[in-house]
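K.L.:
Quick one: structure below, then a few questions.
None of the figures in this text is laboratory data; all of them are computed from the coordinates on show. Computed from a predicted model, the values in this text were never measured in an experiment. Cβ atoms come from the backbone with ideal geometry, glycine included; neighbour counts cover every protein chain shown.
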């Protein structure tokens, strides 16, 4: 079993934030735990080199069997993941704007809240790459294979990086919150230009993305400091009060903060003692 977050090759650091490697082995468990997946402030390219899984939205009565490789635009919807006995993931988490550059500057509104078969977005070489990952047991080799693919792809399709690409990273800064007006200034753009270019790169407005970042920070802080009450978490992450935090949890996770915490305690990584 495995749960790792790894940096990309330095040559890809402007486009790729990290790799996430997962291997869940539920052999011996009577019941396979599910996982509530809230919205996250990220774009990703995800490979499932083992058995595929199903994601379910109970309220909408929707369920989808996920392909072996997908491109994930900016998620806005929460889902419940239902896993097979053996489950593997190689996930590429892009820097803000990284997927935009990978796709040669295609505006990403069409990918917002969508999970698309990666071959339909990136072409037939994804099938070869996925098959390689299926035939590879070593995690280091998996990362090398994905690194090589991304390096080739970015070199072939790379656009010129602009100031907005660099300042957008600051929205995810853990130590300090930056105003959107400040980021627009640092990008040498008017706020309207900043918003338009940001939407092209991320598929959502900078204001909505900033809300998702703040929501994700609240999740991470509560996980890191479980003795903090939710009001302390809310204020530490820039919320005016607990009610605003609870509103974001309801929108992006579909549940209250307390319910989310109970769900998280029974998620696979905790049941398997990987976290």
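K.L.:
Just want the ordering: 119, 51, from fewest to most Cβ atoms lying within 10 Å of their own Cβ.
P.N.:
Starting with the residue having the fewest Cβ neighbours, the order is 51, 119.
K.L.:
If you rank 35, 166 by fewest surrounding Cβ atoms within 10 Å, what's the result?
P.N.:
Ordered by Cβ neighbours within 10 Å, fewest first: 166, 35.
K.L.:
From the P(r) of the range 82-224, could you give the percentage of C-alpha pairs in the tail past 17 Å?
P.N.:
It works out to 68 percent of all Cα pairs.
K.L.:
For the range 163-265, build the convex hull from the C-alpha positions and give me its volume per residue in Å³. Could the numbers behind the result be given before it?
P.N.:
Details: hull volume 10.6 nm³, N = 103.
For the range 163-265, the hull spanned by Cα atoms encloses 103 Å³ per residue.
K.L.:
Here's a follow-up. Report the Cα centroid-to-centroid distance between the range 80-108 and the range 218-275 in angstrom, as an integer.
P.N.:
So the separation of the two Cα centres works out to 23 Å.
K.L.:
Please compute the Kirkwood hydrodynamic radius of the range 17-58 from all pairs of different C-alpha atoms, in Å with one decimal. Write out the running numbers ahead of the final one.
P.N.:
Working: mean 1/r = 0.0753 Å⁻¹.
Averaging 1/r across every pair of different Cα atoms and inverting gives 13.3 Å.
K.L.:
Which three numbers, in whole Å and largest first, are the semi-axes of the equivalent ellipsoid of the range 2-160 derived from its Cα gyration tensor as √(5λ)?
P.N.:
25, 20, 13
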